[in-house]
Amino acid sequence: MYAIIQTCGRQYKVSKEDIIVVDKMPGEAGDSVDFKDVVFVSNNGEVKIGSPKIEGASVKAEIVDQFRGEKIIVFKKHRRQNYRRKMGHRQSLTNLKIKEITLV
């Protein structure tokens with residue numbers, strides 16, 4: 001059984017016991033998160049597609065930890081203008097472990 005959930009403007013394909021990385025969510029390690037925006041569920045060949053969401057379906061997950069991603073460098077340059085800007089960015093991320101997928 002797997003589902004496709006929508007969170008933080010992105011969609012993720014999840015199964016039970018999967019660990020996924022999403023944008024930072026409020027909460028501490030060990031907290032429970034419930035996703036109601038389930039757009040697709042497949043259960044042993046039986047498929048349900050939401051328009052836009054499946055009513056009564058939910059995915060329960062647990063926050064494993066909060067961390068920061070790798071640093072990326074943003075470099076801007078205009079040639080022959082003596083214009084150079086260098087900045088770095090680290091995205092705040094959350095590890096989630098999927099506990100169960102329920103379909104009513």
By my count, strands (runs of 3 or more DSSP E) wholly in segment 33-92 with at least 2 residues that are under 26 Å from VAL21 (Cβ atoms) and small (Gly, Ala, Ser) are 58-68
Note on VAL104: of the conditions (1) in a strand (DSSP E or B); (2) exposed (fewer than 13 other Cβ atoms within 10 Å of the Cβ); (3) β-branched (Val, Ile, Thr), unmet is (1)
Taking segment 12-32 and keeping residues surrounded by fewer than 16 Cβ atoms within 10 Å (Cβ to Cβ), in contact (Cβ under 8 Å) with a residue 12 or more places away in the chain and either polar (S, T, N, Q) or in a strand (DSSP E or B) (or both) leaves SER15, ILE19, VAL21, ASP23, SER32
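For (1) surrounded by 10 or more Cβ atoms within 10 Å (Cβ to Cβ); (2) in contact with an Asp or Glu (Cβ under 8 Å, 6 or more places away or on another chain); (3) touching a residue at least 24 places away in the same chain (Cβ under 8 Å), each residue gets a yes or a no:
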residue: THR7; (1), (2), (3): yes, yes, yes
residue: ASN44; (1), (2), (3): no, no, yes
residue: ILE72; (1), (2), (3): yes, no, no
residue: ARG90; (1), (2), (3): yes, yes, no
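Every number here is computed from the coordinates shown, using simple stated rules; none is lab data. Source: prediction; values computed, not measured. Using ideal geometry, Cβ is built from the backbone for each residue, glycine included, and neighbour counts are taken over all protein chains shown.
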